[in-house]
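Readers should treat all values here as calculations from the given coordinates under stated rules, not as data from a laboratory. Just so it is clear, the model here is predicted, and its values are computed rather than measured. With ideal geometry, Cβ positions are generated from the backbone for all residues, glycine too; neighbour counts draw on all protein chains shown.
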Amino acid sequence: MRAYDALVRLRLYHHPDGARVAYRELGAGPPLALLHSAMLSHKEWEPAVEQLSDRFRVVLPDLPLHGDSEDRPRHPYTLDWFAEVMSSFAADVLGPRPLIGGHDAGAEILLHAIARGSLQPKRLVLMGSRMHAAPEDARLRAAWRLTAAAGAVPGLDRLLTYGARAAFTPERGLRLSARGAPAARDLVRHAFADVGGNPSLARSWARCARAWPRGPQTQLLELYPRLNMPVLLLWADRDRLHPLAIAEEALGLLPNGQLRVLQSTGFLMAYDDPVGLARELAAFCG
């Protein structure tokens with residue numbers, strides 16, 4: 001049995017406003033939390049967990065609206081709210097000055113939490129994300145916002161969930177992997193397994209789509225010089241959504257930053273090169 005399959009049972013963090021964050025953890029040592037990308041789940045990191053758990057207590061949360069975490073439409077699902085919830089999660093589960101990293105939406109949440117002053121990591125890992133730049137997938141994001149907005153319309157909410165499952169097929173996981181990793185199918189299959197017929201989730205998606213920042217987050221250019229903790233920009237060289245130029249521009253503004261590039265990897269770095277990903281994380285955080 002692989003180490004990941006022996007993960008402890010599901011654990012829950014309960015935020016003061018009633019939201020819950022589901023997470024898994026494995027290993028002993030200093031805690032290291034990894035926040036996954038939009039529309040996926042904690043299983044994004046599954047291939048690299050075994051190598052990391054030898055040195056760290058690896059903590060893998062499902063972001064709100066994802067996996068087993070909170071998805072009811074009573075919350076605002078703004079970036080401020082995500083940052084507040086995940087900062088409180090980090091303080092409760094990881095302790096002060098955590099080792100923490102994020103990919104895509106996970107990285108956006110971490111940067112926003114640091115800008116708000118609610119999170120102060122000891123070391124920060126930022127993987128492929130739009131950061132301060134205009135999103136490369138602007139048309140796709142616009143289409144997602146318009147589609148997700150339909151979730152607020154009674155009668156369309158349930159239909160939307162079945163449409164999402166039809167659009168995000170397991171084969172899409174292969175296209176997110178530069179090496180065509182077969183296990184990427186299971187990642188997407190798991191992420192959308194319980195979506196169909198969940199109108200509550202559709203209404204929450206609608207709220208998030210309206211609230212999530214759309215244009216380039218240029219204010220981050222003023223934040224980077226104030227990030228005094230060590231920052232690792234861990235990037236893929238074949239991720240069409242997050243070009244390497246974004247990380248190179250940010251690197252020039254970070255007082256204590258470094259850039260590492262995993263060769264022949266795409267959006268799903270943990271599936272394309274799990275050993276390389278674990279090696280870079282362990283070298284930086286250990």
**Fill in**
Once Lys and Arg are counted +1 and Asp and Glu -1 for all other residues with Cβ under 11 Å from that of Leu253, the total becomes -2
**Message:** If I take every Cα pair under 8 Å that is 6 or more residues apart in the chain, average their sequence separation and divide by the length, what percent do I get for the relative contact order?
**Reply:** 19 percent
**Message:** Tell me the net charge near Gly95. Cut-off is 12 Å between Cβ atoms, Gly95 excluded, with +1 for each Lys or Arg and -1 for each Asp or Glu.
**Reply:** +2
**Asked** Dividing the Cα convex hull volume of segment 227-272 by residue count, how many Å³ per residue is that?
**Response** 66 Å³
**Prompt:** What is the fewest-to-most order of Met229, Met127 by other Cβ atoms lying within 10 Å of their Cβ?
**Reply:** Met229, Met127
**Request:** Restrict the search to segment 41-106; then list the trypsin sites (Lys or Arg not before Pro) that DSSP places in a loop and that have at most 16 other Cβ atoms within 10 Å of their Cβ.
**Result:** Arg74
**Fill in**
Taking every alpha carbon pair in segment 74-138 and sorting the distances into 10 angstrom bins from 0 up to the bin holding the longest one, the percent per bin comes out as 22, 53, 22, 3
**Request:** Find how many whole Å separate the alpha carbon centroid of segment 183-234 from the alpha carbon centroid of segment 66-85.
**Result:** 11 Å
**Request:** Report ³J(HN,Hα) in whole Hz for each residue of segment 27-40, in order, from the Karplus equation J = 6.51 cos²θ - 1.76 cosθ + 1.60 where θ = phi - 60°; Gly and Pro get x.
**Result:** x, 10, x, x, x, 10, 9, 10, 9, 7, 8, 4, 6, 10
**Message:** If you take every residue apart from Met229 with its C-beta less than 15 Å away from the C-beta of Met229, what net charge results, scoring Lys and Arg +1 and Asp and Glu -1?
**Reply:** +4
**Request:** Using only the C-alpha atoms of the chain, find the volume of their convex hull and express it per residue in Å³.
**Result:** 115 Å³
**Message:** What's the magnitude of the charge dipole for the chain around its Cα centre, counting Lys and Arg as +1 and Asp and Glu as -1 at the beta-carbon? Answer in Debye, nearest 20.
**Reply:** 380 debye
**Complete:** Rg/Rh over Cα atoms for segment 1-108, Kirkwood Rh, comes to 0.95
**Ratio Rg/Rh, restricted to segment 182-286 and using Cα atoms, in which Rh is the Kirkwood radius** = 1.05
**Asked** chymotrypsin sites (Phe, Trp or Tyr not before Pro) within segment 168-229: which are DSSP loop residues with at most 11 other Cβ atoms inside 10 Å?
**Response** none
**Message:** Counting C-alpha atoms alone, how compact is segment 53-111: give Rg to one decimal and Dmax as a whole number, in angstrom.
**Reply:** 12.1, 39
